[in-house]
Each structure stands twice: as structure tokens, then as C-alpha cells.
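K.L.:
Below is a structure I'd like to ask you about.
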Amino acid sequence: MEKELLAREIEKIAGQENVKLDEPMKNHTSFKVGGPADILVTPVSVSQLSQILKLCKNKSVPVFVMGNGTNLIVRDKGIRGVVVKIFDNLNQFTVKDDIITAYAGILLSRVSTIAYENGLTGLEFACGIPGTLGGAVAMNAGAYGGEMKDVVVETEYMDKDGEIRVVRDDGHQFGYRTSFIQKNSGIVIKTSMKLKKGNKEEIKALMDDLTQRRQEKQPLEMPSAGSIFKRPEGYFAGKLIEDCGLRGHRIGGAEVSQKHCGFIVNTGDAKAKDILDLIEYIRNTVKMKFGVDMQTEVRIVGEV
């Protein structure tokens, strides 16, 4: 009953249409797995987000903040407390000279397109990254030699108390798939990216090339969460997995992609447990054969 009462209070902040009880998280992750969230809310403004965080803090209710679920595995028992999904509702942007400022819910691939449309170069690498801008900044997303740290100059974020903070330049403390904001459990609100004037035809040609390379090498047609493992120093994760003979290895409905061994795919009926068991099997196999510790890049959350 407490869950229902809390949901009613959140509805007063965010509106009934933006609050769901016992919402299956498989509907909100690219892997298409995950048990129910007690309460899922999609705030439509920064003010609503702040009010929700403060309410949950006052009631000692755990909060998990997500983007569009492309780098996420939710366990089969789901998530207790409140899940805040920052996506389409917070997607505004502005372009001024060579700086794009955009809110956290916009897709990173969309920002890459906006850059191209305005003749700005520096975000071509992001054209095929499926996550939101907020998630990309928090984890310093990157591909094909580019990373968010190359372009981000200022970020407005919300701390755990629902207060707005600003971090600039080196204050982001960007590292490999990490940042100051991630380490401090901050929530990206909006980010400014400084780009360079470029040739639109050249920008488009590079984006087309990267898109084609992705389509040829990655299993984009199947549910997955992108690269499962961080790149171990001096190695490539996919190559290590392939050299262990694990291409196509399956546990339940989870499979090491036939197309790219750095990906695990849901063949249709996978449970989160299948994926997590396969991750563990890969880690143990690579450790035994090559002595390399494989660290996951994907976020794993939910009740064990």
C-alpha cells in the first residue's frame, strides 16, 4: 500500500500519465529483459525531477535514474523504489556559433545530426551511439576514436539532493567510461559541446562511413546493450572472446553474437539471468585462458 501512496504523491508532481506502477523494465531496455520497477516516472521538466528526488529523499526511498536503457541490464526481480526515466520529455537544444547546448534526454545520435546540419564537426563518432546525451556525458561514451571528453565544455547536473550544480572543462574528470558526475551519482540536466566549423559534405561522408561500418560489424538487428565489456589494456574484448572459441556460445536465450563477439544478444526469450550467467562464463573463460580480467561496461541493476 505504501507503494501506491507514494505513486499518488509523485503523480501530483509529474501527472498521472507519467507515472506507472509495477512497470516491466523489459519495456524500457534495449536488451528487452528486466523485472518490474515499483514505480517508474518520466518527468517533463527539471523542476519535476528536483521535486521527485527531494520527495524520495525525505521518505528514504531509493531512486534509480536512467536514460533510454541502451546500456542497461535490469535483473529479473526488477527494481525496488523509484525509477526516473529521463528521455524524450527533456530533449530541447540550442545552437550558437560553434556551441550546441542540449538537454539530457535527447538522443546522442540526434545531437550528431544537429551538428552536421549546422556544419559543425567533432561529433561524427556519435552518429550511431544509441543512448541519450545525459548517459553519454556521465559515462564519457565514445566510438571510432572519439569521446565526449573531446567536445564537452560545461554540464549542468543535479546532485542527489535535487540541487543544481555546474561543472566545467577539466572539472568533468573524464576517464575511460567514467566522469566526475558518474562517480558522484549526479544526474546530467544539460550539456554544452564546443565543436568546429567544418565542410558539410565531409561531415556527412564520415557519418555515412561510420554508419556502414557499424551495420556491417554489429548485430544492430537484435536486442543487445552494445559492447558488454570495457576494452582491457593492451587487448580488444571481442578478440579475446573470439580467441576463446566463444562466438555463438549460448546460455538460455542469451548468445555471444555471431557478428561481433564483444556483443551479447537476446535471441528472443532471454532472461536477465541468462545474460548475466553468460557474462560470468565469458569472464571466467577469458581469465583462465589469457589471465585477463574483463570488466563490464554495461550497467547492471536490480534486485538480486
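K.L.:
List pairs: first in region 16-37 and at positive phi, second surrounded by fewer than 20 Cβ atoms within 10 Å (Cβ to Cβ) and of a type in the set (A, V, I, L, M), Cβ under 9 Å, 6+ apart or cross-chain?
P.N.:
Gly34/Val301
K.L.:
For region 6-43, how many residues meet the condition of being part of a helix (DSSP H, G or I) and open to solvent by 20 Å² or more (accessible area, probe 1.4 Å)?
P.N.:
So the count comes out to 10.
K.L.:
Read through the list (1) surrounded by fewer than 22 Cβ atoms within 10 Å (Cβ to Cβ); (2) aromatic (Phe, Trp, Tyr); (3) free of Cβ contacts under 8 Å to residues at least 40 places away in the same chain, then give the number of the only condition that Tyr144 fails.
P.N.:
Failed condition: (3).
K.L.:
In addition: Does any residue of region 251-272 turn out to be open to solvent by 60 Å² or more (accessible area, probe 1.4 Å) and more than 24 Å from the chain's Cα centre (by Cα)?
P.N.:
For region 251-272, residues open to solvent by 60 Å² or more (accessible area, probe 1.4 Å) and more than 24 Å from the chain's Cα centre (by Cα): absent.
K.L.:
Here is a list: Glu163, Glu221, Glu233, Glu242. Which entry is under 30 Å from Tyr281 (Cβ atoms), open to solvent by 50 Å² or more (accessible area, probe 1.4 Å), modelled with pLDDT under 95 and more than 22 Å from the chain's Cα centre (by Cα)?
P.N.:
Glu233 is the lone residue from the list that is under 30 Å from Tyr281 (Cβ atoms), open to solvent by 50 Å² or more (accessible area, probe 1.4 Å), modelled with pLDDT under 95 and more than 22 Å from the chain's Cα centre (by Cα).
K.L.:
Among (1) in contact with a His (Cβ under 7 Å, 6 or more places away or on another chain); (2) open to solvent by 20 Å² or more (accessible area, probe 1.4 Å); (3) over 29 Å from Leu55 (Cα atoms), there is one condition Phe180 misses while meeting the rest; what is its number?
P.N.:
(3)
K.L.:
Still on this model: Go through region 150-174 and count every residue that is outside any strand (DSSP E or B) and without any contact (Cβ under 8 Å) to a residue 40 or more places away in the chain.
P.N.:
The number of residues fulfilling the criteria is 8.
K.L.:
Additional query: Go through (1) touching a strand residue (DSSP E or B) at 6+ places or on another chain (Cβ under 6 Å); (2) open to solvent by 10 Å² or more (accessible area, probe 1.4 Å) and name the single condition Met294 misses.
P.N.:
(2)
Conditions tested, residue by residue: (1) touching a Gly at 6+ places or on another chain (Cβ under 9 Å); (2) free of Cβ contacts under 8 Å to residues at least 24 places away in the same chain; (3) surrounded by fewer than 18 Cβ atoms within 10 Å (Cβ to Cβ).
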site	(1), (2), (3)
Leu49	yes, no, no
Cys56	yes, no, no
Asn68	yes, no, no
Lys77	yes, no, yes
Asn91	yes, yes, yes
Ser109	yes, yes, no
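K.L.:
Is region 168-178 home to any residue that is modelled with pLDDT under 95, touching a helix residue (DSSP H, G or I) at 6+ places or on another chain (Cβ under 9 Å) and within 20 Å of Val111 (Cβ to Cβ)?
P.N.:
no
K.L.:
Determine if region 44-52 includes at least one residue that is part of a loop (DSSP other than H, G, I, E, B) and either under 13 Å from the mean Cα position of the chain (by Cα) or at positive phi (or both).
P.N.:
Scanning region 44-52 turns up no residue that is part of a loop (DSSP other than H, G, I, E, B) and either under 13 Å from the mean Cα position of the chain (by Cα) or at positive phi (or both).
K.L.:
Looking at region 116-126, is at least one residue of a type in the set (S, T, N, Q), surrounded by fewer than 24 Cβ atoms within 10 Å (Cβ to Cβ) and farther than 27 Å from Glu201 by Cα?
P.N.:
No, region 116-126 has no match at all.
The values are calculated or read from the model by the stated rules, or taken from the named source; none is laboratory data. Model, not experiment: these values are computed from the prediction. Methodologically, a virtual Cβ is constructed for each residue, glycine included, from the backbone with ideal geometry; neighbour enumeration extends over all protein chains shown. Each accessible area value is taken on the protein alone, full model and side chains, heavy atoms only, with ligands, DNA and RNA left out. Shrake-Rupley method; radii C 1.70, N 1.55, O 1.52, S 1.80 Å.
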